[in-house]
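Worksheet: one structure, shown below.
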Amino acid sequence: MKTLPLTDDTRLLVLTGAGVSAESGVPTFRDAGGLWEGHDVREVATPAGFVRDPLLVWRFYGERRRGLDGIVPNAAHHALASIERRLGDRFLLVTQNIDGLHRAAGSERVIDLHGDLMRSRCSSCDRPPFEDRQAYRPGVAPMCGRCKAAGQDALLRPDIVWFGEIIDRRFLDRIEAFTLDAGRRLVFLAIGTSGLVHPAAALVDAARTVGGTSWLVNAEAPANVDRFDHVVLGAAGKLLPELLGVGEPPAV
Ligand code: OAD
């Protein structure tokens, strides 16, 4: 099997999607039997859907929270944490996943592009997002509480970037700075993502623009497959330890 060309100079930018967590037992979105199959994205993952039916949205994300019970990182998460320990600041991991599994595996230089399932924030006030492990209670929409003190309470919402919402500019700036600084030394590696959701899907083009090399590890060829220099099809947990040259994950 090929291995990634990692030299003392390499800057490694990794993008992960739902496929990297599939072998941990977290369902992907668009595969057969995926999360979006039984749900209308507009109802549960847009600001308008939340305004229309906050209880439905909370039920959906409450189920997602419960679904993470007992879920642990797999060999792909461990391989990425391991290569980060070797590369240090020459490594940056951008994830579209909200499951927290990269951090659980020990990754530190992580950008949670789409937020964090285990955090909530107020839909109205500027109270910072906070860790929230509350299970959804049927029929009960969680409220801010801090807003109540100011006169009119407001709904809490999951700290997730929904469709139609803007990604934190600081995240995009950090990715851009890493990419520009890397230039031709950049190796871009996308793992387990269908290449349909922007801005993540366009990172491969940014890598090409600065003269970097791009790699894709995915179960099947995604929408933007033609834009990659190297494509390795298969399961991330099986492929990544060897591809990154980090061997087997630690025994759990
Ligand atoms: P998708 O469900 O769209 O794509 C997952 C990809 O992973 C597919 O191309 C699969 O072939 C691949 N895959 C499945 N199992 C794999 C495995 N074991 N190893 C490698 N690849 C595997 O998920 P994302 O691309 O992450 O956004 O979706 C992007 C965004 O769209 C999500 O963050 C979410 C979604 O709607 C929001 O909720 C805002």
Please work out if G62 is open to solvent by 30 Å² or more (accessible area, probe 1.4 Å) and small (G, A, S).
no
Restricting the first residue to region 187-201 and requiring it to be in the same structural domain as D229 (by TED's automatic domain parsing), which pairs with a second residue that is among the hydrophobic types (A, V, I, L, M, F, W, C) and within 7 Å of the ligand (Cβ to nearest atom) meet a Cβ separation below 6 Å and a spacing of at least six or different chains?
I191/V20; I191/V217; I191/A236; G192/V20; G192/A236
Checking the structure you have, find out if any residue of region 61-68 is touching a residue at least 60 places away in the same chain (Cβ under 8 Å) and away from the ligand (no atom under 16 Å from the Cβ).
yes
Looking at region 96-182, what helices (runs of 4 or more DSSP H) fall wholly within it and have at least 3 residues that are open to solvent by 70 Å² or more (accessible area, probe 1.4 Å) and out of contact with any helix residue (DSSP H, G or I) (no Cβ under 8 Å at 6 or more places or on another chain)?
146-149, 169-182
For region 190-241, name all the residues that are away from the ligand (no atom under 14 Å from the Cβ) and not aliphatic (A, V, I, L, M).
D205, R208, T209, G211, G212, T213, S214, D226, R227, D229, H230
Any idea which of (1) crowded, with 20+ Cβ neighbours inside 10 Å; (2) within 20 Å of I160 (Cα to Cα) is the one A76 doesn't satisfy?
(2)
Matching residues, region 1-42, being among the basic types (K, R), closer than 17 Å to Y61 by Cα and open to solvent by less than 70 Å² (accessible area, probe 1.4 Å):
none
In region 131-184, residue nearest to the ligand (Cβ to nearest atom) [restricted to those that are in contact with a Pro (Cβ under 7 Å, 6 or more places away or on another chain) and of a type in the set (D, E)]
E165
Residues in region 7-32 that are in contact (Cβ under 8 Å) with a residue 24 or more places away in the chain, among the aliphatic types (A, V, I, L, M) and closer than 17 Å to L196 by Cα: how many?
4
Name the residues in region 44-98 that are closer than 19 Å to P241 by Cβ and among the β-branched types (V, I, T), would you?
V72, I83, T95
Quick check on A219: is it open to solvent by 30 Å² or more (accessible area, probe 1.4 Å) and touching a residue at least 60 places away in the same chain (Cβ under 8 Å)?
yes
Restricting attention to region 203-252, the residues that are among the aliphatic types (A, V, I, L, M) and at pLDDT below 95 number exactly 4
Here's a check for you: in region 1-54, which residue that is part of a helix (DSSP H, G or I) and in the same structural domain as I98 (by TED's automatic domain parsing) is farthest from the ligand (Cβ to nearest atom)?
S21
Those residues of region 197-237 which are of a type in the set (V, I, T), more than 15 Å from L186 (Cα to Cα) and not in a loop (DSSP other than H, G, I, E, B) amount to V217, V225, V231, V232
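The values are calculated or read from the model by the stated rules, or taken from the named source; none is laboratory data. Keep in mind that what you see is a predicted model, and the values were worked out from it rather than measured. Cβ atoms come from the backbone with ideal geometry, glycine included; neighbour counts cover every protein chain shown. Just the protein is used for accessible areas: all its heavy atoms, side chains included, with ligands, DNA and RNA removed. Shrake-Rupley method; radii C 1.70, N 1.55, O 1.52, S 1.80 Å.
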